Amino acid sequence: MFIYREAFLRDHFGDRQNSKYWSLDLLLAICALGLQMSSDPRERDLGSKFYTTAESVCIVLGLTQPSILTVQTILCLAFYCLGQGDFSKSWGLSQIAFRMAQDLGFQKDPADWILQDFIITTNEDIEIRRRIYWGCYNSDKLISLILGRPVQLPWHDASVAQTDVLPYAIHIQHNGKLSC
């Protein structure tokens, strides 16, 4: 809900060097989360290696360079920790992500600050920022509910418009071929 799948996949299958919505640590964090759904214990154990690598890269580079990708990666890491029962670490990571999202101004409507942020060049960039904020908002509510802790992102602080639900992606194009 906080990763805009179309942009992530386009950058994943495209030019990764110049991508705005893909990074190796985000990919590793997503893989760590996905591997927790495996029925094979060896694959689930592999998820911890993906997590550790993503965490190392993100903490070293991401905290010094706040970005969309860092917020998304840290939130994936927080959900991984939540699934592992490491509630304190999950809470800490999620709070870092929410504060970084606030620092980046995601609670403000991106249409209002296009002139100040030269990374926003398309309507898709605006939509991605909206989705990230509302994904953070929903994640904050969920994590706070599960852990019985106060929320960080109150409803009244946001001026960003709500978003519509994306249709389910049945086919994803890779190298000119459609795959299921």
*asked:* Looking at 142, 147 in this structure, which one is closer than 26 Å to residue 88 by Cβ, open to solvent by 70 Å² or more (accessible area, probe 1.4 Å), at pLDDT 85 or above and of a type outside the set (D, E, K, R)?
replied: 142
_Evaluation of residue 30 against (1) open to solvent by less than 50 Å² (accessible area, probe 1.4 Å); (2) modelled with pLDDT of 95 or more (one fails), failing number_ = (1)
*Is it true that some residue in region 95-114 is over 25 Å from residue 7 (Cβ atoms) and under 17 Å from the mean Cα position of the chain (by Cα)?*
yes
*Given (1) under 16 Å from the mean Cα position of the chain (by Cα); (2) open to solvent by 70 Å² or more (accessible area, probe 1.4 Å), number of the condition residue 39 does not satisfy*: (1)
*Condition check for residue 19: over 20 Å from residue 132 (Cα atoms), surrounded by fewer than 17 Cβ atoms within 10 Å (Cβ to Cβ) and small (Gly, Ala, Ser)*: no
*Would you check which residues across region 3-45 are in contact with a Lys or Arg (Cβ under 7 Å, 6 or more places away or on another chain) and part of a loop (DSSP other than H, G, I, E, B) and list them?*
4, 22, 36, 38
*Among the residues of region 62-77, is there at least one that is open to solvent by 40 Å² or more (accessible area, probe 1.4 Å) and part of a helix (DSSP H, G or I)?*
no
*Would you mind stating whether residue 92 is exposed (fewer than 15 other Cβ atoms within 10 Å of the Cβ), over 17 Å from the mean Cα position of the chain (by Cα) and at pLDDT 90 or above?*
no
*Selection count where residues are touching a Gly at 6+ places or on another chain (Cβ under 6 Å) and not small (Gly, Ala, Ser), scope region 9-33*: 0
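The values are calculated or read from the model by the stated rules, or taken from the named source; none is laboratory data. Note that the structure is predicted; figures quoted are calculated from it, not measured. Neighbour counts run over all protein chains shown; Cβ positions are idealised from the backbone, glycine included. Just the protein is used for accessible areas: all its heavy atoms, side chains included, with ligands, DNA and RNA removed. Shrake-Rupley method; radii C 1.70, N 1.55, O 1.52, S 1.80 Å.
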